[in-house]
Structure formats: C-alpha cells, structure tokens
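Please treat every number below as a calculation from the coordinates, not as lab data. Worth saying up front: this structure is predicted, and the values here are computed from it rather than measured. Because the Cβ atoms are built from the backbone with ideal geometry, glycine has one as well, and the counts that use them run over all protein chains shown.
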Amino acid sequence: MSDRVQEILSHYRGENPGVLNNLARLLNHGTLAGTGKLVILPVDQGVEHGPARSFAPNPPAYDPDYHFELAIQAGCNAYAAPLGFLEAGAAKYAGRLPLILKLNNSTSLYADKDPLSVQTGSVDDALRLGCAAIGYTIYPGSKHSKLMYEQLRGLIADARRHGLAAVVWSYPRGSQLSSEGETGIDVVAYAAHIAAQLGAHIIKVKLPSSYLGQKAARKVYEQEKIVVETLTDRVKHVVQSAFAGKRIVIFSGGGKTGDDQLFEQVRAIRDGGGFGSIIGRNSFQRPETDAVKLLREIMAIYQS
C-alpha cells in the first residue's frame, strides 16, 4: 500500500472496511496502481447514444469482450458498464480487473430538457457480478433532480451495507441551464459538491469552461477573485469544491477529439490535482492496438 493511497483512504475514515477495501482495489489495480491516479474505461454509450453511433467507427466494439480486453490490456484501474455488457463477460474475465456496474441509464430515443435516467441495475446485480463499485448518474439542474438525489442516497446506503463503493456521474443539465452553462466552472464545481454531499466516493464530472452560468455565483467569483482562467485553474477549483480534495474527482474524456487536445486536457487534470480520467469514446472507437496505445500514453502523463 503506497503512502499516497493510504492518504486518500484516510479521507474516508467514516466508511466500513468493505468500502475501503474496494476503493483500495480500484486505486491499486493496473498501470497506475499506487499512484493515487485512475484511468477508467466507461462503456455506457451504446444505451445512451445507440449502437451505431457508439460502435460503428470500430465494429469489434459491438462485442462486449472487446471492452474487457481493452481495459485489461491497457492496464485500466476499472471497467464501468451497464448490466448487459457486464453480464456478458463478468464470468469469463472474473478476477482480472475491478468492475463498476452503472445502475441507471437514459436513451437518445426520447429527448427531454429535464432528464431522468431509469434504473437498469441493482446493488444485488453488482454483488452477483463481483463489482467493486456501483455507478449512478445525476443531473443537477433537472426538474427531476430531487428524485434522483433521493434514489442515489438509497442506493449508496444499500451499497455501503454490502461494502461497495459509489461512483457518481454528476452532469448538470436542465431546462433552466443553457448549453454553455452546463459546463460553466461554477456549475460543474457545484455539481461535484452536490455529489460529494450525497455520499459519492468517486465523482465524475465534465471538464469545465471559464463561463460562469449563475448570476449570483458570478458576483462571488469576481469579488473573491477565484482564478478560473486556465483549464488547470478550473480543475483545481472543482477538486477544491469536493471537500478540499478529500473526495476523488475524475474527469470525462467527452466526445471524440484529437489526441493532442486530449493529452493537453490530461496534463491540465494532472497539474490541477485531478485524480484521473474516464475515457470512453476516445478509446474504444479505434482499433484495440491504437486504443491501448492511447490509454497507456494518458497513463504515462499521469505518472510523469
């Protein structure tokens, strides 16, 4: 157990040994084991966006085995997916990497400015599949957010009783938020704080822009001279908003982008004190050899 991992676990002293053990599993697996950094492969896009939009750029990715193999070969800390994909390979790849069961999902067949994801898995499913953690998406800003918060609290309480960690995707979205506001620095920092307050052990947010989406918050940011000019500054502020860095905050890789831009984002996450990345489409939408190379280059940046 490295000093860094012990330090991170010390911030979760209120948790039971099962949760701490599973957080340690995530932090001590793969290429980045012991560094306190995480690179997780998430593959929920088939449900969220449809199979063709997700996997047609790289047809082998239609096969659930592809993603298990990719996460293992690249040395990811964990692999996160909905129930169907995990069920398809959990037995074949048992013991080879930590799994995170994504418990809720939405689809693009019905668009709603105030989204509410449906629960598609359970804590019992996560236990049956040998997962280290559950995953859940909340949409701060949605008119359904209060219901999501209540559901999440119940699921986290159930997961804790069984020693499972909780990873929360906290994505601001709703009819009262502009598209620009969804990734504004004040809104993303707020979303990270909400997830931490609801009991998330690991928080996933999108990389924030310098835009300030809340009128009341804008006054405070200007008055207190909160520095949000560079992406590194903004990452630092989001991490600060999650209990002064005492909760693990990782950042989404977003839609497919150029490798150079992606690497610059990773450097900003590293330099801003972020705990890592969760990289989906930017990895699995390319041949396995290329995807492994990309993920290893990202991990090398976090190790440097």
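Assorted remarks:
- The range 141-194: C-alpha gyration tensor shape, a/c 1.5 cut-off, then a/b vs b/c: prolate
- The calculated FRET efficiency for the pair ARG128 and GLN197, based on their C-beta separation and a Förster distance of 35 Å, comes to about 0.75.
- Cα gyration tensor shape of the chain, rounded if a/c is under 1.5, else prolate or oblate by comparing a/b with b/c: rounded
- Computed helical MRE - 222 nm, the chain, DSSP H runs ≥ 4 contributing -39500 (n - 2.57), nearest 500: -13000 deg cm²/dmol
- Considering only HIS67, PHE275, GLN303, and ranking their Cα positions along the charge dipole of the chain that arises from unit charges at the beta-carbon of Lys, Arg, Asp and Glu, the one farthest toward the positive end is PHE275.
- Distance between the pseudo-spin-label points of ASN16 and ALA157 (7 Å out from Cα toward the beta carbon): 1.4 nm.
- Cα lying deepest toward the dipole's positive end in the chain, options PHE263, ALA126, ILE156, charges on Cβ: ILE156
- For LYS219 and ALA52, a Förster radius of 51 Å and the Cβ-Cβ distance give a FRET efficiency of 0.65, rounded to the nearest 0.05.
- Cβ charges +1 (Lys, Arg) and -1 (Asp, Glu), total dipole of the chain, debye: 540 debye
- Our estimate of slack between THR257 and ASP63, defined as 0.36 nm per intervening residue step minus the Cα-Cα distance, is 67.5 nm.
- Packing rank of 218-231, 273-286, where each peptide gets the mean count of other beta carbons within 10 Å, highest leading: 273-286, 218-231
- Between the range 109-133 and the range 53-106, the alpha-carbon center distance in angstrom: 15 Å
- When the P(r) of the range 203-257 is calculated, the portion above 17 Å amounts to 43% of the C-alpha pairs.
- Using a simple spin-label model with pseudo-atoms 7 Å out from Cα toward Cβ, ARG96 and TYR110 lie 3.7 nm apart.
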